[in-house]
Amino acid sequence: MKQTAFYNIHKQFGAKIVEFAGFEMPIQYSGIIDEHKTVRNHVGIFDVSHMGEFEIRGKDALSLVQRVITNDASKLNEGKVQYSAMCYNDGGIVDDLLVYRMREHFMLVVNGANVQKDFEWIKSNVGNLHVEFIDKSDEVSLLAVQGPKSLVTLQKLTGANLSAIPYYSFIRTNVVGIDMIVSRTGYTGELGFELYFDSSIAVSERVWNAIIEAGKEHSIRPVGLAARDTLRLEMGFCLYGNDIDKTTNPLEAGLGWITKFDKGDFIGRDALIKVKEKSIERKLIGFKIDDEKAFPRHGYAIRKNGASIGYVTSGTVSPVLNKGIGMGYVPVAFSQPGNSFSISIRNKDVTAQVVKIPFIKK
């Protein structure tokens, strides 16, 4: 298994280490609820260096990006970021990703578990386009600094005006003497930033230690992958492998807003147009359970009148709401907020209700 440049720091902070996406990664430090609430109320720092970074350069770079993603990258100006998805020819989802518009190239940020698969997929669709397609993942460290105190924490470490960076935008700047990309993005629903820089251990540890020191007065804590998952779920953000995968399409997953049919051809477009014309048969919904002790988990059956109508894709007990929440696929007829059904939890049917997502308002 691989290790990120922060591995020794994770051990020093007492992290519980698990295998994730081929890396030894911190699943938690002080505890999931504590870390979750730290991000909601203060500021947390995440090592997400397992994520993949690809560069697409050359005169046909935009053409390749447009071919493989569902969103419209031609709308991106330099310094802007776009959320998108890649689809197979049948409309199933290869991955969801971020597209960064640099001055002379594009950077694609993909899920850590899909780096090799995504690279091979994009490479297989280059055709005769004139591009240079490079996997830079091993050369990049990535930290996420998230929470209401993230701005004041990071602002101590750079002369750039971080408050001037709009949501889903980025700048190249210097932080603690290190050249990096500072991106106003994140996976928590909170004010936050993601920092991309050289993956050497010396540089990475310098950046981490400086952020920890700057955030001490704001109760900063390191946060593991477990709390990252509960934070994104409270916001209703999809997780590849749970809520979306090759068996789901963007329209039924509520990602029609990043599927731009009018931009021209892209892989999966014809299949998705057929889905749209026929109308979707199932839909990814959010649900809440009134019994605060009930914990819905991935794969649990969703039932109505004794019959299975769908399944849970993601579930947890929300640390903010102190109730079971989750997402899952159900037939469109059962997808309206207010509709009720049951979740089969440990051979017991527990009542749940469809609710609008996000589960908490930010």
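Within the set 283, 260, the sole residue that is surrounded by 17 or more Cβ atoms within 10 Å (Cβ to Cβ) and in contact (Cβ under 8 Å) with a residue 60 or more places away in the chain turns out to be 260.
Any idea how many residues of the stretch 99-139 are hydroxyl-bearing (Ser, Thr, Tyr) and farther than 19 Å from residue 194 by Cα? Selection size over the stretch 99-139: 1. Taking the criterion of being surrounded by 15 or more Cβ atoms within 10 Å (Cβ to Cβ) and in a helix (DSSP H, G or I), would at least one residue in the stretch 338-361 satisfy it? Within the stretch 338-361, none of the residues are surrounded by 15 or more Cβ atoms within 10 Å (Cβ to Cβ) and in a helix (DSSP H, G or I). Close contacts from the stretch 7-22, counting a first residue that is among the polar types (S, T, N, Q) and a second that is at pLDDT 95 or above and surrounded by 15 or more Cβ atoms within 10 Å (Cβ to Cβ), with Cβ to Cβ under 8 Å and a gap of 6+ residues or different chains, come to 8/201; 8/205.
Taking the criterion of being small (Gly, Ala, Ser) and out of contact with any Ser or Thr (no Cβ under 7 Å at 6 or more places or on another chain), the residues of the stretch 328-359 that qualify are 333, 335, 338, 344. Say whether the condition of being out of contact with any helix residue (DSSP H, G or I) (no Cβ under 7 Å at 6 or more places or on another chain), surrounded by 17 or more Cβ atoms within 10 Å (Cβ to Cβ), farther than 21 Å from residue 117 by Cβ and touching a residue at least 12 places away in the same chain (Cβ under 8 Å) is met by at least one residue in the stretch 266-275. Yes: the stretch 266-275 contains one or more residues that are out of contact with any helix residue (DSSP H, G or I) (no Cβ under 7 Å at 6 or more places or on another chain), surrounded by 17 or more Cβ atoms within 10 Å (Cβ to Cβ), farther than 21 Å from residue 117 by Cβ and touching a residue at least 12 places away in the same chain (Cβ under 8 Å). Residues in the stretch 140-170 that are under 22 Å from the mean Cα position of the chain (by Cα) and more than 25 Å from residue 53 (Cα to Cα): 2 in all.
Output the number of the condition that residue 45 fails; it satisfies all remaining conditions of (1) closer than 20 Å to residue 201 by Cα; (2) part of a helix (DSSP H, G or I); (3) among the hydrophobic types (A, V, I, L, M, F, W, C). If we test residue 45 against (1) closer than 20 Å to residue 201 by Cα; (2) part of a helix (DSSP H, G or I); (3) among the hydrophobic types (A, V, I, L, M, F, W, C), just (2) comes out false. Of the residues making up the stretch 320-334, those that are in contact (Cβ under 8 Å) with a residue 12 or more places away in the chain and either crowded, with 18+ Cβ neighbours inside 10 Å or among the aliphatic types (A, V, I, L, M) (or both) are 320, 321, 324, 325, 326, 327, 328, 329, 330, 332. Considering (1) in contact (Cβ under 8 Å) with a residue 40 or more places away in the chain; (2) within 19 Å of residue 56 (Cα to Cα), the lone condition that residue 101 does not fulfil carries the number (1). Checking each residue in the stretch 107-135 for being assigned to a loop (DSSP other than H, G, I, E, B) and either under 19 Å from residue 5 (Cβ atoms) or modelled with pLDDT under 95 (or both) picks out no residue at all.
Residues that are in contact (Cβ under 8 Å) with a residue 40 or more places away in the chain number at least 3 in the following strands (runs of 3 or more DSSP E) confined to the stretch 136-231: 140-146, 192-198.
The values are calculated or read from the model by the stated rules, or taken from the named source; none is laboratory data. Keep in mind that this is a model prediction, so the values were computed, not measured. Note that we place each Cβ from the backbone using ideal geometry, even for glycine, and neighbour counts take in every protein chain shown.
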